[in-house]
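Have a look at the structure below before the remarks.
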Amino acid sequence: MAAPSDKMATIVSLAKRRGFMFQSSEVYGGLNSCYDYGPLGAELKNNVKRLWMDAMIREHENIEPLDSSILMHPRIWEASGHVENFTDPLVDCKICKARFRADQLDNAVCPQKPSKNPKSCGGELTEPRSFNLMFKTFMGPLEDQSAVVYLRPETAQGIYVNFLNVMTTSRQKIPFGIAQIGKAFRNEITPGNFIFRTREFEQMEMQYFVKPGTDAEAFEKWKAIRMQWHLDNGLKKERLRFSEHGPNELAHYAKAAFDIQYEFPFGWQEIEGIHNRSDFDLKQHEKFSGKKLSVFDEESKASYVPWIIETSVGCDRTLLTLLVDAYDEEVTQGDGEDAGPRVVLRFKPRVAPTKVAIFPLMKKDGLPERARKIFKDISCRWRAQLDESGSIGRRYRRADEIGVPVAITVDHEAGSVTVRDRDTMKQERISEAALSDYLAKKLGGI
Ligand code: GAP
C-alpha cells in the first residue's frame, strides 16, 4: 500500500501525464496554485457540472438556473460582510520573512532549508494581522478607491441580488431555489494539495429560499440530497461523512453548517458546505441597497424576508475527489507488456470523461475503416476515442488508466466485435447491430 503522500504524487503525475490538468502558465515556470484543464480534465469537469445542474433543475421543478456576472457592485461585498470578515489571521516570521496563517501554525513549514515548523525555528513571529482574501481590481480608467471592484469570492451573492428577478420572471413561489455554477477567486494564503485549494476555482452553489420556521426541515432535506449526489457519482460511502461546524467555526453569515467531508490521502477534508444562512444576506442587501427583498405570504397576509439554505460545492475539488476515489492499482501476474501493476481509474460511467475506446486489431484488412465507422456511429451519443497504435494489451492499459468503462475491439470476424468491461475485464462477442443497445445498457443515455 502506497504512503498517502506517494498516492497523491502518483495521482498528480497521472493527471498531468494523461492530460487531465496542467500547471497554469507552465512554459513560464508556472503560476502558483492555478491550473488548466486538459482534454480529459475539461471533459470530466463538463460531466460534473452537467450532473450537478441536472440534479438541481431536472430533479426539482422549483429550482431555476442562473449565470450572474463575476464583477458586481462593490457595495455587495460590504453588505455580505466579506469586506470586513472574509479574512485570515496572518503572522510573519521576523527572520525568514515568510507569512503563515496564525490558526494553522502546527502544520506549517518555513521556506528555510532545512525547513522547520515556524513555532520551533526560533524566529520571532509578529502579532496576527487580518488579511482579506478577496482579489481587488479597478473598473474603468481610474485606479483609485472609487473604481475598486472585487473578483467574487463566492457565487452566492449574485444569486441573492437576483432573487426577486428570478422569482418573478420564473413565477416561482417560496420555497424555491436558484442554482449557479461559476468562477470564484480567493487570495488563499496556503493553497495546495494540487487542485484541492486554489486561488481561482469553480463553485456549484444552490440557494434555497424558505419561509422562516421551515428552515430546519429544508436543511436536513438538502443535507441528505447532497450526500446522495456524491454517492451517485460513485464515491465510496466509507470515505464520506458529515462534520458539523462548532460555534467558533461558523462563517459570519451562518446559523448552522455541516460540511460533507471526504477522506483524502492527506486526511478528512471538506468537499461541500451546507449552510443555514438565515435571513442574514437578504436583510443585509435590503439595508445596503434600500430595496425591499421580502415576499408576501398569502396565508398570513404579511410580508417576510425568506431564509436561505445553501449548498455549496467546489467543482475542482469534486474532480480531485473523483480522481482520488477512482484510482486503483491492481497487481498482475503478467509479463512483457502486461508486467507491472494495472492502473485503473474506476470512474462511474456517468462521470468518465471518455466512455468508449475503439481498437482495430490491425491497421490493415479494412479493420481501421470498420472501427472508424463504429466510432462515427456512436460518438454523437457517447464520447469515444479511436486507438490504433500498439498491441491490444497496451491499448487496454491506456484506456484503463483514464477510466474508459468499455473497450471495443474490431477483428476479422465480420459483423461482430469484442466488448471488454474495464472492471471485470470480461470480454464478450456481440453483433455490431446490437452495439448501440449494449452501450445504452452499460453506460446509460449519457
Ligand atoms: N458560499 C459559501 C461558500 O463559499 P465555502 O465553504 O467557503 O462556502 C464552498 O466554500 C466550497 O467551495 C468548499 O466546500 C470547496 O469545495 C470550495 N472551495 C472553497 N475554497 C476553495 C479553494 N480555495 N479552492 C478550491 N475549492 C474551494
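The values are calculated or read from the model by the stated rules, or taken from the named source; none is laboratory data. None of these values were measured; they are calculated from a predicted model. Here the Cβ is made from the backbone with ideal geometry for all residues, glycine too, and neighbour counts use every protein chain on show. Each accessible area value is taken on the protein alone, full model and side chains, heavy atoms only, with ligands, DNA and RNA left out. Shrake-Rupley method; radii C 1.70, N 1.55, O 1.52, S 1.80 Å.
Could you tell me which trypsin sites (Lys or Arg not before Pro) in the range 229-303 are loop residues by DSSP with no more than 11 other beta carbons within 10 angstrom of their beta carbon?
Answer in residue order: Lys291, Lys292, Lys301.
Per residue, how much accessible area does the range 183-308 have with a 1.4 Å probe, in Å²?
Heavy-atom accessible area per residue stands at 46 Å².
Pairs of Cα atoms under 8 Å, at least six residues apart: use those to get the relative contact order of the range 280-342, whole percent.
Answer for the range 280-342 is 17 percent.
Which value at 222 nm does the chain reach when only helices count, each DSSP H run of 4 or more adding -39,500 (n - 2.57), with the total divided by all residues and rounded to the nearest 500 deg cm²/dmol?
For the chain, the value works out to -8000 deg cm²/dmol.
Give me the accessible area of Arg197, 1.4 Å probe, in Å² rounded to the nearest 10.
For Arg197, the solvent-accessible surface is approximately 60 Å².
Report, in degrees rounded to the nearest 10, the 0 to 90 angle that the Cα long axis of helix 367-378 makes with the longest principal axis of the chain.
30
What number comes out for accessible area per residue over the range 1-92 if the probe is 1.4 Å? Units Å², please.
Solvent-accessible surface per residue comes out at 52 Å².
Say the cut-off is 23 Å between C-alpha atoms; which of Lys7/Lys223; Lys45/Lys183; Lys211/Lys292 go over it?
From Lys7/Lys223; Lys45/Lys183; Lys211/Lys292, over 23 Å: Lys7/Lys223.
Averaged per residue, what accessible surface does the range 397-442 expose to a 1.4 Å probe, in Å²?
Per-residue accessible area for the range 397-442 comes out at 45 Å².
Treating only the Cβ atoms of Lys and Arg (+1) and Asp and Glu (-1) as charged, compute the dipole magnitude of the range 372-411 about its Cα centre; round to the nearest 20 debye.
140
Mind checking which of Ala184, Gln157, Cys380 is farthest towards the positive end of the chain's charge dipole, using Cβ charges of +1 (Lys, Arg) and -1 (Asp, Glu) about the Cα centre?
Cys380
Taking the alpha-carbon distance from Lys119 and a cut-off under 16 Å, which lysines remain once sequence neighbours fewer than 8 residues away in the same chain are dropped?
Lys94, Lys97
Lys116: which aspartates and glutamates have alpha carbons under 12 Å from its alpha carbon, excluding same-chain residues fewer than 8 sequence positions away?
Asp106
Relative contact order for the chain using alpha-carbon pairs under 8 Å, separation at least 6, rounded to a whole percent?
Relative contact order for the chain comes out at 12 percent.
When you have a sec, figure out the Kirkwood radius of the chain from all distinct Cα pair distances and drop it here in Å to one decimal?
24.8
For q values of 0.13, 0.16, 0.17 Å⁻¹, compute log₁₀ I(q)/I(0) with the Debye formula on a Cα-only model of the range 211-345, without solvent.
Normalising to I(0) and taking log10 leaves -0.70, -0.91, -0.97.
For the range 306-392, please report how many Lys pairs fall under 18 Å Cα to Cα, leaving out neighbours fewer than 8 apart on the same chain.
Total qualifying Lys-Lys pairs in the range 306-392 comes to 5.
What is the helix-to-structure angle for 215-232, meaning the angle in degrees between its Cα long axis and the longest Cα principal axis of the chain, kept from 0 to 90 and rounded to the nearest 10?
On a 0 to 90 degree scale, this one is about 20.
Using alpha carbons only, how many degrees (0 to 90, rounded to 10) separate the axis of helix 392-401 from the longest principal axis of the chain?
Helix 392-401 sits roughly 10 degrees off the main axis of the chain.
What percentage of the solvent-accessible surface of the chain, computed with a 1.4 Å probe over protein heavy atoms, is contributed by carbon and sulfur atoms?
50
Pairs of alpha-carbon atoms within less than 8 angstrom and 6+ residues apart define the contacts here; what relative contact order does the range 298-446 have, in percent?
Result for the range 298-446 is 21 percent.
Springs between alpha-carbon pairs under 10 angstrom, Gaussian network model over the chain: which of Arg99, Arg317, Arg395 fluctuates most?
Maximum fluctuation in the GNM of the chain, among the listed residues, is at Arg99.
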